[in-house]
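Novice: One structure coming up, written as structure tokens, with questions to follow.
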Amino acid sequence: MNAPKTHRDTLLVEQATVLSHQVFAGDQNLLRLAAPRVAERALPGQFVHIDCGQPMMLRRPLSLMRVDRKQGWIELLYKKVGVGTRLLAQRVPGDEINLLGPVGNCFQLHDDYRRPLLLGGGVGMPPMLFLAESLRRQKEIQPQVLLASEVPFPFNPEPSTIMIDGMPAGVIATMPLLDDWGVPARLASNQGFPGCFDGFITDLARHWLSSLAASELALVEIFACGPTPMLKAVQQLAAEFELPSQLSLEEYMACAVGGCAGCVVPISGSQGVAMKRVCVDGPVFAGDRVVFDLG
């Protein structure tokens, strides 16, 4: 999986068509679009900047969850939280939606880490599913996926048919699609959902990591996307186990091409801390370089 040479080399504008639009509990929607040009270029970790319709002038960034290059479609999971996404929720099959994408950089896989741990929380689940689907085709890679939600999951959790050593007793719920792919996965929530880990996703990850032998732990790299408190906890978790990590950040943005600098975040580097644009320099950053408490 190779990163695009530059952000602007990959960008295109496409008039996509709504193929299906599913509604789930917790104001969650799953949108499938016919967008063959975006699908052909998209990589795990990237997103699209989507026109939600009038009267909203500004687009909304939505992470890519699934991509089918052969059939030319993409899937986007989003939560209705404002005017833009509520307008988007009104779209029905046959409607056209204008996209800018694929935007941003992607997750980078390293040969030394063959047991990637993928952590997705809430609307941060989509990039992890895209990445998991890509990794499942690589026989030498053994991904482990953990997903978390504080509202009902946008799928029907089922007991997994895949055993995972190091999981707490009774934690058996998974996303059926991941089970079908042969990707081991478990779910976490503080809402008491059956079969799920009762607690934060990072606590479940810590439990699993603690069960690994040193030789196995040396093969782990963490990939994560989710709300800022979760990503901060993932950064601390990676430091605790001395593991590399890559974090996909989510920020409000206006242009998505680096012109407005409305999505800047502090990132540390060899010259100190610099403000980087999530849309151009991200959304994926090395976990140990993200500065969550700048003061």
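Novice: Out of all the residues in region 44-58, which are assigned to a loop (DSSP other than H, G, I, E, B), of a type outside the set (Gly, Ala, Ser) and buried (at least 23 other Cβ atoms within 10 Å of the Cβ)?
Specialist: Pro44, Gln46, Cys52
Novice: How about region 190-205: which of its residues are on the phi > 0 side of the Ramachandran plot and either crowded, with 19+ Cβ neighbours inside 10 Å or in contact (Cβ under 8 Å) with a residue 24 or more places away in the chain (or both)?
Specialist: Gly195
Novice: Have a look at Ala254, Ala239 and point out the one that is touching a Cys at 6+ places or on another chain (Cβ under 8 Å) and in contact (Cβ under 8 Å) with a residue 24 or more places away in the chain. Lay out the reasoning, then the answer.
Specialist: Working: Ala239 fails: touching a Cys at 6+ places or on another chain (Cβ under 8 Å).
Going through Ala254, Ala239 in turn, the sole match is Ala254.
Novice: Of the residues that make up region 157-165, is at least one within 17 Å of Met128 (Cα to Cα), at pLDDT 95 or above and assigned by TED's automatic domain parsing to the domain that holds Met125?
Specialist: Yes, there is a match, as at least one residue in region 157-165 is within 17 Å of Met128 (Cα to Cα), at pLDDT 95 or above and assigned by TED's automatic domain parsing to the domain that holds Met125.
Novice: Now, a different point. Kindly indicate whether any position in region 219-226 is surrounded by 14 or more Cβ atoms within 10 Å (Cβ to Cβ) and free of Cβ contacts under 8 Å to residues at least 60 places away in the same chain.
Specialist: no
Novice: Sticking with this one: How many residues, within region 90-110, are surrounded by fewer than 17 Cβ atoms within 10 Å (Cβ to Cβ) and either at negative phi or touching a strand residue (DSSP E or B) at 6+ places or on another chain (Cβ under 6 Å) (or both)?
Specialist: Looking only at that region, the number is 8.
Novice: Among the residues in region 252-267, are any on the phi < 0 side of the Ramachandran plot, exposed (fewer than 14 other Cβ atoms within 10 Å of the Cβ) and of a type outside the set (A, V, I, L, M, F, W, C)?
Specialist: Yes; the residues of region 252-267 include at least one that is on the phi < 0 side of the Ramachandran plot, exposed (fewer than 14 other Cβ atoms within 10 Å of the Cβ) and of a type outside the set (A, V, I, L, M, F, W, C).
Novice: Further question: Tell me which residues, restricted to region 96-119, are in a strand (DSSP E or B), among the aliphatic types (A, V, I, L, M) and more than 13 Å from the chain's Cα centre (by Cα).
Specialist: Ile97, Leu99, Leu100, Val103 - these are the residues of region 96-119 that are in a strand (DSSP E or B), among the aliphatic types (A, V, I, L, M) and more than 13 Å from the chain's Cα centre (by Cα).
Novice: When region 66-80 is examined, which residues are found to be free of Cβ contacts under 8 Å to residues at least 40 places away in the same chain and either within 14 Å of Ser134 (Cβ to Cβ) or not assigned by TED's automatic domain parsing to the domain that holds Leu30 (or both)?
Specialist: Hits for region 66-80 are Asp68, Arg69.
Novice: Pick from region 235-265 the residues that are of a type in the set (A, V, I, L, M) and outside any loop (DSSP other than H, G, I, E, B): which of them is nearest to Leu204 (Cα to Cα)?
Specialist: Step one: list which residues in region 235-265 are of a type in the set (A, V, I, L, M), which gives 237-239, 243, 247, 249, 253-254, 256-257, 261, 264-265.
With outside any loop (DSSP other than H, G, I, E, B) added as a condition, the list becomes 237-239, 247, 264-265.
Values: Leu237: 11, Ala238: 13, Ala239: 16, Leu247: 18, Val264: 31, Val265: 28 Å.
Only one residue tops the list, namely Leu237.
Novice: Taking the conditions exactly as written (surrounded by 22 or more Cβ atoms within 10 Å (Cβ to Cβ) and either farther than 16 Å from Ala35 by Cα or touching a residue at least 12 places away in the same chain (Cβ under 8 Å) (or both)), does Tyr113 satisfy them or not?
Specialist: no
Novice: Anything in region 61-81 that is under 24 Å from Ala25 (Cβ atoms) and exposed (fewer than 13 other Cβ atoms within 10 Å of the Cβ)? List them, or say none.
Specialist: Of everything in region 61-81, just one residue is under 24 Å from Ala25 (Cβ atoms) and exposed (fewer than 13 other Cβ atoms within 10 Å of the Cβ), namely Val81.
Novice: Go through region 143-163 and give me each residue that's surrounded by fewer than 16 Cβ atoms within 10 Å (Cβ to Cβ) and either closer than 23 Å to Leu219 by Cα or in contact with a Ser or Thr (Cβ under 7 Å, 6 or more places away or on another chain) (or both).
Specialist: Glu150, Glu158, Ile162, Met163
Novice: If only one of Pro93, Pro61 is in contact with a His (Cβ under 9 Å, 6 or more places away or on another chain), assigned to a strand (DSSP E or B) and either over 22 Å from Leu135 (Cα atoms) or outside the structural domain of Glu133 (by TED's automatic domain parsing) (or both), which one is it?
Specialist: Of the residues listed, the single one that is in contact with a His (Cβ under 9 Å, 6 or more places away or on another chain), assigned to a strand (DSSP E or B) and either over 22 Å from Leu135 (Cα atoms) or outside the structural domain of Glu133 (by TED's automatic domain parsing) (or both) is Pro61.
Novice: Within region 172-188, take every residue that is over 15 Å from Leu117 (Cβ atoms) and of a type in the set (A, V, I, L, M, F, W, C) and give me the one that is farthest from the chain's Cα centre (by Cα).
Specialist: The selected residue is Ile172.
The values are calculated or read from the model by the stated rules, or taken from the named source; none is laboratory data. Just so we're clear, the structure is a prediction, and the values are computed from it rather than from any experiment. Reconstructed Cβ throughout: ideal geometry from the backbone, glycine too, with neighbour counts over all protein chains shown.
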